[in-house]
1. What residues have an amide H closer than 5 Å to that of Gly516, excluding those fewer than 5 places away on the same chain, when H is modeled at 1.01 Å from N in the peptide plane?
2. Once the other residues with Cβ under 10 Å from the Cβ of Arg524 are scored (Lys, Arg +1; Asp, Glu -1), what is the net sum?
3. Which percent of the Cα-Cα distances in the range 152-479 go past 34 Å?
4. Hey, can you grab everything whose amide H is under 5 Å from the amide H of Ile569? Only 5+ residues off in sequence or another chain; H modelled, so Pro and N-termini drop out.
5. For q = 0.10, 0.13, 0.16, 0.18 Å⁻¹, what log10 I(q)/I(0) does the range 173-302 give under the Debye formula with an equal point scatterer on each alpha carbon and no solvent?
6. Filter the GluC sites (Glu not before Pro) in the range 59-93 to those in DSSP coil with at most 13 other Cβ atoms within 10 Å of their Cβ, and list the result.
7. Relative to 2.2 N^0.38 Å, what does the C-alpha radius of gyration of the chain come to as a ratio? Two decimals please.
8. Just add up the charged neighbours of His544: K/R +1, D/E -1, any other residue whose Cβ is under 14 Å from the Cβ of His544.
Amino acid sequence: WNKTDFDDSKWRQAIVLEPEKGKLVAQQGPPLRVTKEIKPVKITSPSEGVYVVDMGQNFAGWAKLKVKGEKGTRVQLRFAETLKPDGNVYRENLRKAKATDVYILKGEGVEEWQPFFTYHGFRYVEVTGFPGKPTLDALTGMVAHSDAPNIGEFSCSNELLDKVQHNIQWGQASNMYSVPTDCPQRDERLGWMGDAQAFAPTASYNMEMINFFSKWMHDISDGQDDDGAVHDVNPVIVVKGPAAPGWGDAVYVVPWVMYKFYGDKRILEQNYDAIVGWVEYMRSKSKGNLYEQRGYGDWVAVEKSPSEPIGSAYYFYGAKMLSEMAKILGKNEDAIKYKKLSEKIAAAFNKKHFDSANNSYTGNTQTANLIPLNFGIVPKDHRKAVAANIIANVEEHNDHLTVGFLGVPLLLPTLSDYGYNDLAYKVASQKTYPSWGYMVEKGATTIWELWNGDTEGPGMNSRNHFALGSVGAWYYGYLAGIRPTPKAPGFKKVILAPMPADGLDWAKANVKTTYGEVSSYWQRKGNNIEYDFTVPANTSAVFHLPFLGKNIKSVSESGVAVYKNGQLIPTEGIGLIDNNDKEAVVSLAAGKYHFVVEYE
């Protein structure tokens with residue numbers, strides 16, 4: 001056909017089609033790639049001719065097959081996350097997903113094959129029709145996801161927390177397929193907004209998320225209705241809006257998190273109209289400054305919270321965040337307008353839902369009190385008392401959580417912020433239901449959708465969901481103490497506020513920022529605690545040195561005394577900002593630091 005004498009007279013003319021609707025743009029998010037190959041750890045045979053290959057890790061991707069046999073031999077691979085008691089694969093939780101690959105041999109020596117038009121969520125592969133008995137090199141796990149760079153690491157002396165961090169990172173990667181999906185294995189794989197907004201801070205510590213989330217924000221605004229309503233799932237398929245409270249609010253939560261972590265105002269500018277649209281939609285449906293819309297509530301919580309107050313709380317938070325964004329973008333009239341709106345919402349919310357005598361909100365669950373406290377709805381003179389209510393609830397549940405998707409990212413930071421960091425650490429370290437450690441004890445290698453994933457039925461029971469893994473931000477931001485601040489976003493100014501917990505010997509984290517790598521490492525040595533920090537060039541840091549309820553004898557930096565008898569000793573690059581009964585707040589110039597804190 002490519003030579004001049006080729007007879008093309010029988011070729012048909014191409015049919016002219018109408019162009020696709022929409023805007024043609026270059027790919028915005030990171031590309032989908034195979035990022036890792038993993039080898040199986042074990043093969044079992046629960047029955048004759050049936051082999052179950054254990055990859056040792058739950059992940060998203062596919063299996064590459066290596067096989068030799070006669071032409072026409074049909075090899076079938078069926079994928080699953082868990083096993084039945086008899087050793088066969090458990091697939092009921094996949095619902096209608098077939099999760100099955102079939103390869104028919106051509107019979108020409110050793111053949112290698114992998115699919116290119118599908119992916120699965122799995123740890124186990126059932127192999128049938130294999131010629132002979134498969135060995136460990138018959139299958140290779142091809143780990144694939146949107147290839148956002150890994151930028152963060154966290155570890156500590158508690159092996160359980162390290163395993164949870166491992167599960168968080170694998171769950172995150174498994175659910176990055178151009179959109180932040182809920183799960184990779186069953187007949188869903190949708191860009192649920194509630195999951196993503198809860199997990200966005202944790203995601204941004206682990207991986208560089210700005211391009212990934214910027215692309216997804218375009219999906220959200222593209223699907224927004226003319227009246228401003230956004231949808232639970234984006235791109236808009238299957239589940240349509242208006243979005244539930246806590247879900248639609250990803251339209252402003254995710255850009256705000258991206259601004260804090262990366263300092264790029266463009267994501268606020270690009271999504272400003274969409275955010276205004278959503279807040280105005282809530283205003284149009286509100287009565288008496290309350291948006292009492294029912295929704296999913298605090299999804300999969302152990303202790304159910306009423307959903308109506310959650311709607312009004314997120315209405316307040318949307319107006320508040322919109323005011324902050326307007327101020328940053330120089331839209332002063334909007335900043336004033338939405339600040340006033342947020343104040344009206346807070347007043348109406350407290351009038352209806354706040355029990356000032358008992359310092360609790362409607363429902364009086366952990367989440368029912370956490371949301372108004374964290375969003376800034378609680379009157380200032382009641383905040384400590386509401387926090388005390390949350391603390392009492394945790395203690396009444398034997399130092400366990402009862403929260404779901406919306407409460408998880410708020411619980412441990414609140415306990416730490418209000419002086420109960422040791423209690424937060426106890427909750428994080430639990431191994432009994434409900435806890436992250438319970439999942440680990442049951443063999444999980446990713447985060448589950450449900451706290452009781454091992455006992456719940458198959459209808460809604462993914463073993464690879466990132467939402468409950470939003471505790472990871474507390475690991476980085478509190479145990480290791482690395483935090484961004486919107487006052488100097490993108491880690492232009494780094495908050496270093498590590499909180500050593502009783503029972504933990506050391507913790508460390510590092511995060512690659514746009515300015516360079518920030519690192520924090522503390523360790524106990526006898527009666528002392530040593531802190532090592534790296535503050536990148538062209539940035540500064542604020543170090544919150546916790547007293548931990550003890551008297552500090554002295555503090556040295558690289559062998560030079562910088563703090564003694566409650567006073568800072570003037571030192572180049574180190575300045576005192578505040579000194580109270582709980583902490584010393586110190587400014588740090590760019591550089592490396594080694595502090596030794598000696599307690600009396």
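Just so you know, all these numbers are worked out from the coordinates, no wet-lab data involved. Since the structure is predicted, the reported quantities are computational estimates derived from the model, not experimental observations. Note that we place each Cβ from the backbone using ideal geometry, even for glycine, and neighbour counts take in every protein chain shown.
1. Amide H neighbours of Gly516, under 5 Å, 5+ apart: none.
2. Values: positive: Lys525; negative: Asp505, Glu530.
Once all neighbours under 10 Å are counted, the net charge is -1.
3. Result: 18 percent of Cα pairs exceed 34 Å.
4. The answer is Tyr563, Lys564.
5. The Debye formula, applied to the Cα set alone, gives -0.30, -0.51, -0.78, -0.98.
6. Qualifying residues, ordered by number: Glu70.
7. Working: Rg = 26.6 Å, N = 600, 2.2 N^0.38 = 25.0 Å.
Its radius of gyration relative to the 2.2 N^0.38 Å reference: 1.06.
8. Counting the neighbours of His544, the net charge comes to -1.
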